[in-house]
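Presented below is the structure to which this report refers.
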Amino acid sequence: MGVSPTVKDLTDAIPFPFYWKGWKPQSSPVRKVPSYSVNNRKEEPVLSPRSKEKKMSFSRVFDPYQVFEVEHRPCLILTVKVVRGKNITHGWYDYVDTPDPYIILNVKTSPEGRRRTETKDNEVNPVWNEEFTFLIDDRETNKLQMILMEANYGNLDQVIGEVYFDLGELPIKTRITKIFSFNEKSEVEFEFETHFDENPTLRYSLCLCDEEKEFIEHRTEKVMKTMKELLGDKAPETREETPRIAVIGSGGGFRAMVGMSGVLKALADSKILDCVTFLGGLSGSSWYISTLYSHPDWPKMNPGAMQEELKNNIDSSLLWLLTPLSIKRYIDRILVKRQNGQPVSFTDIFGHLVGETLVKDRLHTKLTDLQDKIEGGAAPLPLMTCVNVKSDRSARSFHEWVEFNPFEIGMPKYGTFMKTELFGSKFFMGKLCTEYEEQPLHFLQGIWGSAFCILFKRLLDDNKKLDPVEMIRQEMVKQIEQSREDESSDSSDESDETEVEEKPRGSRQFTFDVPQTNGSDQNVPAPKRQASKRRTKQKGYWNSFLSNILENKRFEVLNTRAGRAGVVHNFMRGLSLTKTFPLSPFTPDTANKDTANKDTTLI
């Protein structure tokens, strides 16, 4: 008789990842920062405090669930100093006007790659002494374009000359001086220096950040104390025995928000909420959590104390949010954001609608302000989520979770996180290049939930002043009917695929989508459709004006992903993604190489 193979024989024969053997590595692995080459020279990076080469502790750093890892390849920081010019001339134009020179620097492969010096009026030998910093990827072919300009009135500036310089010729960590000639007579002196970034702004790890670890320590003490009051002798006796409990809320717009309100009131009344460490939600649940934590009396008050306020906010007519003055106020704020260099979308308006409805006089509140509410573990840590999908693929075929909390925002799949206040700022290869003001809480609420798409379309379609609760009830019936239709049909992906909009590769922005509301009339009885048409004809001028703009086939603001999407700068731009250890030994060893460069949509 043959001898049955042992478990050890099977594990030796099959190439399981090392952490499957007893779920603990046999020896402490070392995570190395990958080397890189510059001008065909192999360079070993200088280790930064945030990405040290050190032995990983299995309990604190090592995580077998990390599927992807962001390559810790630093960006190259280029410093260009425009020193001085000599014999600046524009030919025979000098007889008419003494040159007013300035320099334009342009690196097409760098974010914020176009810079300029100040203008030196009537100066043939100008002295600038201005320094500019560019972030570049040394794997790319990087060229610096230097343009010598002559300033004139009426924005009729003229080009005196231009020169291109291959940045691959520069040595690392060495300052060099070069003089370039423009139009064979004018000369400008430059100084160059390059070095690799040793302090990335992004955090590359699946471990909790220091602030979250400190919160858990304080919260565990409070949870253990409460459990002793509730459980007596059966309560945990040490911190290690104390469980970490999370309460998760589902999506569903105002309906989910109201349901979450009742759940938290019941948990607070029974003191179970004091045993909870994490409080998570998406869509409507995230609206309730963020509204509760923005309340000035939280966490001292009972969640039930906010129910009356919440009921009044969502029970009143929303038409006042769509008046011309209100829309103008929203647009004015959005234009300011656009002028600062940030991308905008219709979700910015949805965010204002959510804020005006839920937080009202607390529109200035930001997500980082909620840190005060959980200081010392006073309340559970709020966690809000949405889904990152690609603009050129359906959400069914590709989606990734994005996590928001008062300390950090990031994508656990790639172990990449940033400080919450930096969300929306511009990054390149993990380095912050342009910092913008922190996004307000109501903008994030517009990203987290999509119920206002439903309400907004209903307000435009119906002259009858239905209250929001009735609108949600109607939408529930519609969604149930649609789900039944989807279950009996194999073509559920067709609607998603028709949304696909081709965009160029290498996008520099993230896009945050509000899911599409099915506008089909297939599940609506014919008499109701006819009644809806009659009411549409009776719509006022302002509603007709909004409807014509927002549902115009040229724009399709409410009916397409691009129209509904919320957009921010792509914080993973320039990063390379590599596969680490698969969850299963049969998982294909393929990396998602386009995620860091393509448009991304969050639902």
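No value in this document is a laboratory result; all are computed from the given coordinates. Bear in mind that the values here come from a model prediction, so they are computed numbers and not experimental data. Note that we place each Cβ from the backbone using ideal geometry, even for glycine, and neighbour counts take in every protein chain shown.
Miscellaneous remarks
- Inter-probe distance in nm under a simple model that places probes 7 Å from Cα toward Cβ, at Glu309 and Thr238: 4.3
- Additional length obtainable on full extension of the chain from Asn199 to Ile104, 0.36 nm per residue less Cα span: 31.3 nm
- Dipole magnitude of region 214-279, debye to nearest 20 (Cβ charges: Lys/Arg +1, Asp/Glu -1, about Cα centre): 320
- Thr79, Thr238, Thr416 arranged by Cβ crowding within 10 Å, fewest neighbours leading: Thr238, Thr79, Thr416
- Each residue in Val336, Val276, Val82 was given a count of other beta-carbon atoms within 10 angstrom of its own, and listing them fewest first yields Val336, Val276, Val82.
- By definition, a body whose alpha carbon gyration tensor gives a ≥ b ≥ c is oblate when a/c is 1.5 or more and a/b is not larger than b/c, and region 290-381 fits this oblate description.
- Applied to region 329-336, the Karplus parametrisation 6.51 cos²θ - 1.76 cosθ + 1.60 on θ = phi - 60° returns per-residue 3J(HN,Hα) values of 5, 5, 5, 4, 5, 5, 5, 4 Hz, with x for Gly and Pro.
- Projected label points at Thr434 and Asp369, each 7 Å from Cα along the beta carbon direction, are separated by 2.6 nanometres.
- Pairs from the table (Lys178/Lys431; Lys86/Lys143; Lys225/Lys311) lying more than 31 angstrom apart at Cα are Lys225/Lys311.
- Three-way shape label, region 204-454, alpha-carbon gyration tensor, a/c 1.5: oblate
- Bins of 10 Å, starting at 0 and running to the largest distance - Cα pair percent for region 75-198: 13, 45, 29, 12, 2, 0
- Once the Cα-Cα distance is subtracted from the 0.36 nm per residue extended length, the Glu130 to Thr174 segment shows a gain of 14.0 nm.
- Here the gap between Thr119 and Cys209, fully extended at 0.36 nm per residue and compared with their Cα-Cα distance, gives a gain of 27.8 nm.
- Prolate/oblate/rounded call for region 258-322, Cα gyration tensor, a/c under 1.5 rounded: prolate
- Relative contact order computed over region 204-454 (Cα-Cα under 8 Å; 6+ residues apart), in percent: 23
- Checked against a 25 Å cut-off, the cross-linked pairs Lys228/Lys300; Lys328/Lys426; Lys108/Lys328 give Cα-Cα distances beyond that limit for Lys328/Lys426; Lys108/Lys328.
- Average Cα contact separation per residue, region 75-198, under 8 Å, 6 or more apart, as relative contact order %: 34
- Relative exposure of Ile349, Ile447, judged by other C-beta atoms within 10 Å (fewest first): Ile349, Ile447
- Modelled spin labels at Ile77 and Glu112, positioned 7 Å past Cα toward Cβ, are 1.2 nm from each other.
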